[in-house]
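In what follows, a structure is listed as structure tokens, so that the remarks can point back to it.
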Amino acid sequence: MSEIGLSALLSPMTIDDFLISAWPDQPYVNHELCESIATLKSLPFLQSLEVLLNSWPKLVQAHLPDVSDESSAVDVTPQNAKKLFANKMGLLFNNVQTISPELATWLAAIKSDLGLPVSTLARCMVYATPHGKGTAAHFDQNINFILQLEGIKKWTVAPNNHVENPTERFTIGQPVDPELASYAAPVMPTSMPHEDRQEIILQPGSMLFLPRGYWHCTEAEGEALALNFTFSQPSWADIFLAALRSRLLLSPEWRELADGVSSANQALRAQAQEKFDLLIQELREDIPNWSAADILAATEGEYKC
Ligand SMILES: [Fe+2]
């Protein structure tokens, strides 16, 4: 029986070797896939763009030529997507696992193989890219395992010296998300960074692991079709905030409306601040009893070291 999950994408490398040598912050490319991904390659809707467009029950995202990125896109019917692709626009089929129990199984298996938090969002996307087109230089807040299905795709990738562990994506030339701007370098680059950049050529059967935050841009040679397994990266802050919110919501006082905090009446604002201080004081007394094991038991289910 064929393998399912991360071992099939890494073969012949083992998951343990990948976790030591690449995960979570070094790109890894594998050009040796064939037998191990036979089940994926046999999925009917992945046989060609034509078949995918004919079987796709939802809208398709078409990337507009101004930016060539998902930050500038329109949702169109599969019929219109076919015309836009012929006019050199890239297409994105999002959440492909919703039409494929097999892909949903793959996502769950990879998530488990990586030991990702329960709250990780996992999805499959298919990118169709016309000859000579690709994506503008950007980085993502997610990780991607990219499996090239058809055509050739040239990837230019570079480590990110502008922001570590981004929680939002960013495309060069586009506005910086306010949350990202709060901790990123004050000036973002205006073109794909050169330092330590690498070129990677993906052919049908190649797989690229692209870490979170890694700069990348792409260009297709021939019409290219690629399947992405994408996983969000819940941080320690996310885990802690989820537990904190659950804990606070047990209290009717914490569930109360934060009344008066922006009141024009100064006395009401002072009253609100005093009440909030009391709640924080109560939390301060509770926090010393918190432990990682208790929080993880709540967020990750049955948790044992
Ligand atoms: Fe990307």
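Condition test on PRO234, is it more than 22 Å from LEU91 (Cα to Cα), of a type outside the set (Asp, Glu), surrounded by 14 or more Cβ atoms within 10 Å (Cβ to Cβ) and within 13 Å of the ligand (Cβ to nearest atom)?
Judged against the criteria, PRO234 is not a match.
Cβ-Cβ below 8 Å, separation at least six or inter-chain, first residue in the range 202-217 and within 17 Å of ALA38 (Cα to Cα) and assigned by TED's automatic domain parsing to the domain that holds PRO166, second part of a loop (DSSP other than H, G, I, E, B) and within 11 Å of the ligand (Cβ to nearest atom): which pairs?
From the range 202-217, no pairs qualify.
Kindly list, by first and then second residue, each pair from a residue in the range 165-176 that is in contact (Cβ under 8 Å) with a residue 40 or more places away in the chain to a residue that is surrounded by fewer than 18 Cβ atoms within 10 Å (Cβ to Cβ) and of a type in the set (Val, Ile, Thr), limited to pairs with Cβ atoms under 9 Å and residues at least 6 apart or on different chains.
Taking only residues 6 or more apart or on different chains, the pairs are THR171/VAL67; GLY173/VAL67; GLY173/THR190; GLN174/VAL67.
Considering only the range 129-158, state which residues are hydrophobic (A, V, I, L, M, F, W, C) and over 18 Å from ALA62 (Cα atoms).
PHE139, ILE143, PHE145, ILE146, LEU147, LEU149, ILE152, TRP155, VAL157, ALA158
For PHE145, all conditions in the list (1) under 17 Å from the mean Cα position of the chain (by Cα); (2) more than 27 Å from ASP238 (Cα to Cα); (3) of a type in the set (Phe, Trp, Tyr) hold save one; what is the number of the exception?
(2)
Restricting attention to the range 126-150, and to residues there that are near the ligand (Cβ under 10 Å from one of its atoms) and assigned to a strand (DSSP E or B), which single residue is nearest to LYS41 (Cα to Cα)?
Ranking the qualifying residues of the range 126-150, first place goes to ILE146.
Among (1) of a type outside the set (A, V, I, L, M, F, W, C); (2) part of a strand (DSSP E or B); (3) in contact with a helix residue (DSSP H, G or I) (Cβ under 8 Å, 6 or more places away or on another chain); (4) within 16 Å of the ligand (Cβ to nearest atom), which single condition is LYS153 missing?
With (1) of a type outside the set (A, V, I, L, M, F, W, C); (2) part of a strand (DSSP E or B); (3) in contact with a helix residue (DSSP H, G or I) (Cβ under 8 Å, 6 or more places away or on another chain); (4) within 16 Å of the ligand (Cβ to nearest atom) applied to LYS153, the lone miss is (3).
For the range 40-58, does any single residue satisfy the condition of being closer than 29 Å to GLU199 by Cβ, buried (at least 17 other Cβ atoms within 10 Å of the Cβ) and free of Cβ contacts under 8 Å to residues at least 40 places away in the same chain?
No - not one qualifying residue is present in the range 40-58.
The values are calculated or read from the model by the stated rules, or taken from the named source; none is laboratory data. Here the structure is a predicted model, which is why all the values come from computation and not from measurement. Here the Cβ is made from the backbone with ideal geometry for all residues, glycine too, and neighbour counts use every protein chain on show.
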